[in-house]
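These notes are about the structure you will find just below.
Quick note: the coordinates plus some simple rules give every number you see, no bench work behind them. As the structure is a prediction and not an experimental result, all values here were calculated from the model. Methodologically, a virtual Cβ is constructed for each residue, glycine included, from the backbone with ideal geometry; neighbour enumeration extends over all protein chains shown.
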Amino acid sequence: MPEEKAKRKKIKATGQMQKIMADYFYELNDAAKSGDKKIAWCTSVGPAEILRGMGFLVHFPENHGAMLGATRMATDLIPHANALGYSPDICSYLTADVGAYVKGITPLSKAYEGIESPPKPDVLVYNTNQCRDVKDWFAWYAREFNVPLVGIESYVGVGDVTQKHIISIAKQMEMLIPRLEEVAGRKFDIDELKEVLALSRECSELWKKVLDTASAVPAPLTFFDGTIHMGPAVVLRGTRQPIDYYKLLLAELEERIANKEAALEEERFRIYWDGMPVWGRLSNHAKLFSGLGTNVLASTYCSSWVFSAFDEADPFNSMARAYTELFIVRSDKAKEAYIKDKLEFFKVDGIIYHDAKTCPNNSNCRYGMPQRLEKITGIPSLTINGDLNDMRLVSDEQTKTNVEAFIEQLEEKK
Ligand code: SF4
């Protein structure tokens, strides 16, 4: 294959994204050292808006887990958490992150000079909407740092989101506040929350527009770009920085669309990715697919930070809805309807399901979903076995052979 066929077009805005991510990590690091701002650790789809609205700086351990994966540090660290009784079969974000803490190392040190460790928390806040692992993960740190652990016990397998769900989750969110006030040493102010929520909603709308540009033919964006550029939406939602950034990124992608510029040299096939990324193989996978003239252009994963229901006029109920409407929280029936819409919207030829060994919560191929969806849509799929962080569970040869055979199958269908 010609070398250039394997190339992805570089996104010009990337430098700006790296700058705001660096500012974010340095701000947390400075606060941890000076103690002048309180630090909350929050699960990635937890109630970050409440925390920001109360003046906390927010660290997301899953983001740190993904960095451990992307830098390929995770695999060697996982056994240190296993030695503490945390099974190799559970979330490899958890085991890599705890392993890194035990060993006293972090990818932040390599990326940002002067940062020696993730910022120590004053409080840990979870939401089990994604899985139980996050609660166990935070509980470990609560014991380690002797700081409060608070959270929301969510529903799972939700079909239609009803008042029953909204009332319970909104109430649990409100009940976090007295404990958070104690830690913050200040009163909660509903107007500050509304302000943060409005910013978070704007960020979410812009991030969705960024992802939706991939519906253009040819697509100006790949899933692999999305996994990198989602950083600001994950860690800085509720502030101005991601809004400014996504306006810049969106303008660049819209310009690509106007000029019919594709993200890849060649786009013969359009693929939807379901499940976790394989962080330690992002660039290998990007090259594998682009080398086959195939753009993996949309995913369930990157859309996990789209919170369309946020409404500052009704903060708690709308947050409860947004954090319950998420794909990962839903029943298979709701998930199938969601994916079916996305397949049409993004004009998809095939689906890749990533069966991540240590994340059953975000592996959607274990109970017949690929077969049911293919029956309804006629769109074929391939399941690849692997993991988000534990590269011992990834077989590169097998993935390559299977993906090549799958693309051949799509070729024959054309
Ligand atoms: S959803 Fe999966 S990857 Fe994310 S924290 Fe839970 S088990 Fe880990």
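Using the alpha-carbon atoms, what tilt in degrees (0 to 90, nearest 10) does helix 92-103 show relative to the longest principal axis of the chain? Tilt of helix 92-103: around 50 degrees. Is the shape of segment 24-188 best called rounded, prolate or oblate, per the rule: a/c under 1.5 gives rounded, else a/b larger than b/c gives prolate, else oblate, with a ≥ b ≥ c the square roots of the Cα gyration tensor eigenvalues? In terms of gyration-tensor shape, oblate. Extension gain, residue 217 to residue 287, is 23.2 nm, computed as 0.36 nm per intervening residue step minus the present C-alpha separation.
Taking 7 Å steps out from each Cα toward its Cβ at residue 160 and residue 72 produces label points 5.0 nm apart. When 168, 200, 44 are arranged by Cβ crowding within 10 Å, least crowded first, meaning fewest neighbours, the order is 168, 44, 200. Charge dipole of the chain (Cα centre as origin; +1 on each Lys and Arg Cβ, -1 on each Asp and Glu Cβ, all else neutral): 260 debye, rounded to the nearest 20. Loop-located trypsin sites (Lys or Arg not before Pro) across segment 199-256 with a Cβ neighbour count of 12 or fewer within 10 Å are 240, with loop assigned by DSSP. Largest mean-square fluctuation among 195, 174, 205, in a Gaussian network model of the chain whose springs join Cα atoms under 10 Å apart, belongs to 174. Helix 14-34 and the longest principal axis of the C-alpha atoms of the chain enclose an angle of approximately 20°.
Arrange 42, 359 by Cβ neighbour counts within 10 Å, fewest through most, would you? Kindly include the intermediate steps, with their values, before the conclusion.
Working: 42 28, 359 22.
The order, fewest Cβ neighbours first, is 359, 42.
Once you place label points 7 Å from the Cα toward the Cβ at residue 153 and residue 371, how far apart are they in nm? In this crude spin-label approximation the distance works out to 3.5 nm. Springs join every pair of Cα atoms under 10 Å in this Gaussian network model of the chain, and among 313, 13, 74 the largest mean-square fluctuation is at 313. Applying 1/(1 + (r/R0)^6) with r as the Cβ-Cβ distance of residue 408 and residue 16 and R0 = 35 angstrom yields a FRET efficiency of 0.30.
Counting only residues 5 or more places away or on other chains, whose amide H sits under 5 Å from the amide H of residue 330 once H atoms are built in the peptide plane? Counting only residues 5 or more places away or on other chains, the set is 157, 158.
Which net charge results for the neighbourhood of residue 193, defined as the other residues with beta-carbon distances under 9 angstrom from its beta-carbon, given Lys and Arg at +1 and Asp and Glu at -1?
Neighbour charge sum, excluding residue 193 itself: -4.
Segment 299-328 and segment 338-414 have their alpha-carbon centroids 25 Å apart. The Cα center of segment 92-129 and the Cα center of segment 20-85 differ in position by 6 Å. Stokes-Einstein, applied to the Kirkwood radius of the chain over Cα pairs at a viscosity of 0.692 mPa s and 37 °C, places its translational diffusion at 151 µm² s⁻¹. Can you bin segment 179-320 into rounded, prolate or oblate? Criterion: square roots of the alpha carbon gyration tensor eigenvalues sorted a ≥ b ≥ c, rounded for a/c under 1.5, prolate for a/b above b/c, oblate for the rest. The shape class here is prolate. Roughly how tilted is helix 396-413, in degrees to the nearest 10 and between 0 and 90, from the longest Cα axis of the chain? Around 50 degrees separate the two axes. Residues of segment 344-365 with the amide nitrogen closer than 20 Å to a label point 7 Å from the Cα of residue 398, along Cα-to-Cβ, please. Backbone N within reach: 351-365.
Karplus-derived 3J(HN,Hα) values for segment 355-362, using 6.51 cos²θ - 1.76 cosθ + 1.60 with θ = phi - 60°, are 8, 7, 3, 9, 9, x, 5, 10 Hz; glycine and proline are entered as x. By how many nm would the segment from residue 83 to residue 344 lengthen if fully extended, with 0.36 nm per residue of separation less the alpha-carbon distance? Length gained between residue 83 and residue 344: 89.3 nm.
List 171, 375 from most exposed to least, where exposure is judged by having the fewest other Cβ atoms within 10 Å.
Values: 171 12, 375 9.
Taking fewest neighbouring Cβ atoms as first place, the list is 375, 171.
Calculated [222 nm] ellipticity per residue, helices only, for the chain: -16000 deg cm²/dmol; basis is -39500 (n - 2.57) per DSSP H run with n ≥ 4, divided by all residues, nearest 500. Counted over the chain, the DSSP beta bridges are approximately 5% antiparallel.
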